[in-house]
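As structure tokens, the structure follows; a few thoughts come after it.
Laboratory data are not the source of any read-out in this text; all were calculated from the coordinates shown. Here the structure is a predicted model, which is why all the values come from computation and not from measurement. Cβ atoms come from the backbone with ideal geometry, glycine included; neighbour counts cover every protein chain shown.
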Amino acid sequence: MKPIQIRQMVHANICVRDMERTVPFYEMLGFEKFADQVFEEGAGVWQGLGLETNRRFRAVFMKIPGENPVPFLDIIQFLDRPAVGEAYRSLDNVGICRLCFEVADIDSVAQHLAANGVEFVGPVSPYETAPGVRPSGVEARFLCVRDPDGTVIEYAQFAHDALDVLREA
């Protein structure tokens, strides 16, 4: 059997309670909105998502500024029968628990986020497997924060760029 050939990552989906609170938050994090649409009752997406067809949701797509539209964030707010549950309490849960984005200056990002009252999961920290030991020689620092619903977003600054992970492996 031939292996699946993935061309690229398209989007990550985040389910939220309040789009009017969430969109400005993600704009402050550095994203820009490029689509805002409502998926109505009976639309084909319901079947593919494995959900009841008698519901509606609003989807806002947000991308990293620049020429590349993908990957992007697909932020969804269920309108009829709101979303249930809570975001992961801690990052040791099974499942996709955070999204990571590369930045040039982690310290200025931390200052910007602190000035905007963003909840930090922890301080800016080195990427290491033991005190002073860099995984595969990769030099990086990172910061994890929570969005208004508790979803964790991570920023990372590499010595050169995110391709350091591939170059050093």
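Rounded to the nearest 20, the Cβ-based charge dipole of the chain about its Cα centre (Lys and Arg +1, Asp and Glu -1) stands at 420 debye.
Counting only other residues whose beta carbon sits under 9 Å from that of residue 33, what net charge do I get with K and R as +1, D and E as -1? After counting each charged neighbour, the total is -2.
Using helices alone, what [θ] at 222 nm do you get for the chain, with -39,500 (n - 2.57) per DSSP H run of 4 or more residues, divided over all residues and rounded to the nearest 500?
Working: 4 runs with 32 residues, N = 169.
Result for the chain, helices only: -5000 deg cm²/dmol.
Cβ crowding within 10 Å ranks 26, 127 as 127, 26, fewest other Cβ atoms first.
For a quick check: sort 144, 15 by the number of other beta carbons within 10 angstrom, fewest at the front. Don't skip to the answer; put the middle values down first.
Numbers: 144 20, 15 17.
So the residues, fewest neighbours to most, are 15, 144.
The protection proxy used here, the mean number of other Cβ atoms lying within 10 Å of each residue, ranks peptides 96-102, 137-143, 111-117 as follows, highest first: 137-143, 96-102, 111-117. Considering only the other residues whose Cβ falls under 14 Å of the Cβ of residue 109, what net charge follows from Lys and Arg at +1 and Asp and Glu at -1? Spelling it out: positives minus negatives among the neighbours equals -3.
Tally the DSSP beta bridges in region 1-84 and give the antiparallel ones as a percent, rounded to 5.
Numbers: 14 of 20 bridges.
DSSP beta bridges in region 1-84 are roughly 70 percent antiparallel.
Each of 64, 6, 153 was scored by other Cβ atoms within 10 Å of its Cβ. Arranged with the fewest first, they read 6, 64, 153.
Can you compute the charge dipole magnitude of region 1-44 about its Cα centre, using +1 on each Lys and Arg Cβ and -1 on each Asp and Glu Cβ, nothing else charged? Give it in debye, rounded to the nearest 20. Before the final figure, lay out the partial values.
Values: 5 positive and 7 negative charges, 84 e Å.
Magnitude of the dipole: close to 400 debye.
Taking Cα centre as origin and charging only the Cβ of basic (Lys, Arg, +1) and acidic (Asp, Glu, -1) residues, the dipole magnitude of region 86-169 rounds to 140 debye. Would you mind classifying region 1-84 by shape? Square roots of the alpha carbon gyration tensor eigenvalues, ordered a ≥ b ≥ c; an a/c under 1.5 is rounded, otherwise it is prolate if a/b is larger than b/c and oblate if not. In terms of gyration-tensor shape, oblate.
Given the chain, what percent of its DSSP beta bridges are antiparallel, to the nearest 5? Before the final figure, lay out each step's value.
Numbers: 26 of 37 bridges.
For the chain, the DSSP antiparallel bridge percentage is about 70.
Across all Cα pairs in the chain, the calculated P(r) in 10 Å bins from zero up to the longest distance comes to 9, 31, 36, 18, 6, 0 percent per bin.
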